[in-house]
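Values quoted throughout were computed directly from the atomic coordinates according to the rules given, and no laboratory measurement underlies them. This is a predicted model, so every value here is computed, not measured.
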Amino acid sequence: MKSISDIKTEQSAKIAKRLLNHWKHKFDVASTETNYEIFMPSATVLLIPKTDHLHVEIDFKTDDFDQIKLEQVVVDHLVRMGQEELNADWARS
């Protein structure tokens, strides 16, 4: 299962990096010049900052996890990191 969303924001790199730093104490993380990854027990979150949006992919490792709940957790944390209202329209597969 996978969830994908392009979240409009002018501070995509800032909030992606802040989220990575916030969760690195709890989960394994990795980053390159172009993306950030957070390795949770049930899913991997990929953050790719773009000029006017943050591309987010959540790749679930099992089918028995609450997809909608984790999507909301990710968005809620991004809102906290950026101190701005964000909206995500998720494409699910």
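Here is how the numbers come out for the structure above:
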item	result
Structure-based [θ]222 nm, the chain - -39500 (n - 2.57) summed over DSSP H runs of at least 4, per residue, nearest 500	-9500 deg cm²/dmol
Reported label for calculated volume of the Cα convex hull per residue in Å³ given (1) 254; (2) 129; (3) 84	(3)
Lysine pairs in the chain with Cα atoms under 18 Å, if 8 or more residues apart or on separate chains	10
Estimated vicinal HN-Hα couplings, Hz - segment 51-60 in sequence order (Karplus 6.51, -1.76, 1.60; Gly, Pro = x)	4, 10, 7, 10, 7, 10, 10, 10, 9, 7
Separation of alpha-carbon centers, segment 59-93 and segment 25-43, rounded to whole Å	15 Å
